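The next block holds one structure in the form of structure tokens; read it before the comments.
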Amino acid sequence: MSKRTVIPFGPQHPVLPEPIHLDLVIEDETVVEAIPSIGYIHRGLEKLVDKNEWPEMVYVIERICGICSFGHGWGYCKTIEGNLGVSVPPRAEYLRTILHELGRMHSHLLWLGCLADGFGFESLFMHSWRLRETVLDLFEETTGGRVIFSICKVGGMRKDIPNEMLKKMEETLRGIEGELHELADVFLDDDTVKSRLVGVGVLTKEEAFELGAVGPMARASGVNNDVRLDGHGVYGEIGFEPCLEETGDSYARCKVRIREVFQSIDLIAKCVSMIPDGDVAIEIKGQNPAGEFVGRIEQPRGEAYYYSKGSGQKFLDRIRVRTPTNANVPPLVKILQGCELADVPILVLTIDPCISCTER
Amino acid sequence: MAGLKIGKMVLGSLFRKPATKMYPIVPAVWKERTRGHIEIEIEDCIFCGICSKKCPTDAITVDRAAKSWAIQRMGCIQCSCCVEVCPKKCLTNMAGYTAPDAQKVTDTFVQPEKEAEPKEE
């Protein structure tokens, strides 16, 4: 039996956009065990409810993460709206769904680029991010911000997005669809890419379920736990079928995300064709959240959970956010067991880690 | 051949204009809705201080006695919260980000004296 060695991975590592540390126990070149530790980027954003009144807190919450920023804003608004017992005008729900799906495209294209960079395919990385830039431009045009949008508020949306702008958004997305297909072909059919992804880091359906995997990580193993199925936003009205794969390896996780990029374009197109006219926000006056409420939302990375507790004051008692990466760390530890040392960076990337979200 | 899948994209980019801009030599084109920095029409300000109270990052300081309104540019997160709550609508979020700096810059605006004309608000 060969000697066991512990080598540190992170918190600073070329493939890691954010700091996470793993102690890798290795035997020869094989990882026997991975011990994760976090705590490098905690900012204490939840604590800021003591300082910010609940309507302004949304701007803090959406800064939890720069990638799923819109989702965080929406999730927070959802839990406060539930707490207040108010419902949002239909147009606002449509707009929220459109922007959330656009955010999913932004997140997945960023991830695809990071993955390509992770296995050393620089030009693929550049092309993924070039296409992502179109999505960011759309965000800037419609919301005024490229990564932090500040457009969602409790009770609806702060600004309406005119129908012409939405039509233009759909046309732009249809315009890059061809290039996205070319990009998808490289990820899914290229031998060099496949040699790094196929059969690497297999997570079975049972393991994914038992370890509580969420999002594309779970769907790649065939676990259908997409929160969008509960019909939040307008997902119930526009009809939605999650992208599922069965093999549970890195290739399947990549495939799920690529399929979701195209699915997002279709969902946006459906929303644009069905969006009703009307108000985008309701006025909330003289009401403060009292009691507890839990809202769930399907972020690009998986299910995120928002809890709010108020006591009828302007300042909430507590906000709690459980983000998808938190749930995906146990499956990560599982898939790292028995993998080759050289595959560790790719496997860490395939859960789409967002440590800023996890630690807040 | 499957190994050359990227070839088409790579060749395409040889004959295309660069996807990036030579910023800051080539100035960025701001969209109409871009939130870049806060501007104030100080003549209209009544120094009520609501913007300062609502600012999530405490970037705004209002001094009623000195009739001054100050914003810490690095602290501002461009959420437009102040713009929404301003009763006189004298704040606007304009396109164009503030220039990078080595120090945390605070811009102070002082209302010019105009005692001659009585204001009714």
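The values are calculated or read from the model by the stated rules, or taken from the named source; none is laboratory data. Everything numeric here is computed off the predicted structure, so don't read it as measured data. Note that each Cβ is placed from the backbone with ideal geometry, even for glycine, and that neighbours are counted across all protein chains shown. To get the accessible areas, we keep the full protein, side chains included, count just its heavy atoms, and leave off ligands, DNA and RNA. Shrake-Rupley method; radii C 1.70, N 1.55, O 1.52, S 1.80 Å.
Considering only segment A:182-206, state which residues are open to solvent by 50 Å² or more (accessible area, probe 1.4 Å), in contact (Cβ under 8 Å) with a residue 60 or more places away in the chain and under 23 Å from the mean Cα position of the chain (by Cα).
If the condition is that a residue be open to solvent by 50 Å² or more (accessible area, probe 1.4 Å), in contact (Cβ under 8 Å) with a residue 60 or more places away in the chain and under 23 Å from the mean Cα position of the chain (by Cα), then A:VAL202 is the only one that fits.
So in segment A:15-50, with the set limited to residues that are within 14 Å of chain B (Cβ to nearest Cβ) and free of Cβ contacts under 8 Å to residues at least 40 places away in the same chain, which one is least open to solvent (accessible area, probe 1.4 Å)?
A:LEU48
Considering segment A:107-150 alone, what residues qualify as being outside any helix (DSSP H, G or I), of a type in the set (Phe, Trp, Tyr), facing chain B (nearest Cβ under 10 Å) and open to solvent by 20 Å² or more (accessible area, probe 1.4 Å)?
As a first pass, look at segment A:107-150 and keep what is outside any helix (DSSP H, G or I): A:119-121, A:144-150.
Still in the running and of a type in the set (Phe, Trp, Tyr): A:119, A:121, A:149.
Adding the requirement that they be facing chain B (nearest Cβ under 10 Å) leaves A:121, A:149.
Across segment A:107-150, the qualifying residue is only A:PHE121.
In segment A:246-280, which residues are open to solvent by 30 Å² or more (accessible area, probe 1.4 Å) and not polar (S, T, N, Q)?
Once the filter is applied, which keeps residues that are open to solvent by 30 Å² or more (accessible area, probe 1.4 Å) and not polar (S, T, N, Q), segment A:246-280 yields A:GLU246, A:TYR251, A:LYS255, A:ARG259, A:PHE262, A:ASP266, A:LYS270, A:MET274, A:PRO276, A:ASP277, A:GLY278, A:ASP279.
Does segment A:175-187 contain at least one residue that is away from chain B (no Cβ under 13 Å), at negative phi and not in a loop (DSSP other than H, G, I, E, B)? Step through it out loud before you land on a result.
Looking only at segment A:175-187, we keep the residues that are away from chain B (no Cβ under 13 Å), and these are A:175, A:177.
Cutting the leftovers down to at negative phi gives us A:175, A:177.
Keeping just the survivors that are not in a loop (DSSP other than H, G, I, E, B) gives A:175, A:177.
Within segment A:175-187, one or more residues are away from chain B (no Cβ under 13 Å), at negative phi and not in a loop (DSSP other than H, G, I, E, B).
Can you name every one of the helices (runs of 4 or more DSSP H) wholly within segment A:250-360 that holds 2 or more residues which are aromatic (Phe, Trp, Tyr)? Before you say what the answer is, go through the steps one by one.
On the way: elements: A:250-274, A:324-336, A:344-350, A:355-359.
In segment A:250-360, A:250-274 are the helices (runs of 4 or more DSSP H) which contain 2 or more residues that are aromatic (Phe, Trp, Tyr).
Return the residues of segment A:1-31 that are of a type in the set (A, V, I, L, M) and in a strand (DSSP E or B); say none if nothing qualifies. Explain how you work it out, then say what you get.
Of segment A:1-31, the ones of a type in the set (A, V, I, L, M) are A:1, A:6-7, A:15-16, A:20, A:22, A:24-26, A:31.
Within segment A:1-31, A:VAL6, A:ILE7, A:LEU22, A:LEU24, A:VAL25, A:ILE26, A:VAL31 qualify.
Which residues, taken from segment A:207-245, are within 19 Å of A:TRP74 (Cα to Cα) and loosely packed, with under 15 Cβ neighbours inside 10 Å?
Correct list: A:LEU229, A:ASP230, A:GLY231, A:GLY236.
So, in segment B:24-58, exactly how many residues are under 19 Å from B:GLU84 (Cβ atoms), part of a loop (DSSP other than H, G, I, E, B) and either more than 12 Å from chain A (Cβ to nearest Cβ) or aromatic (Phe, Trp, Tyr) (or both)?
So the count comes out to 6.
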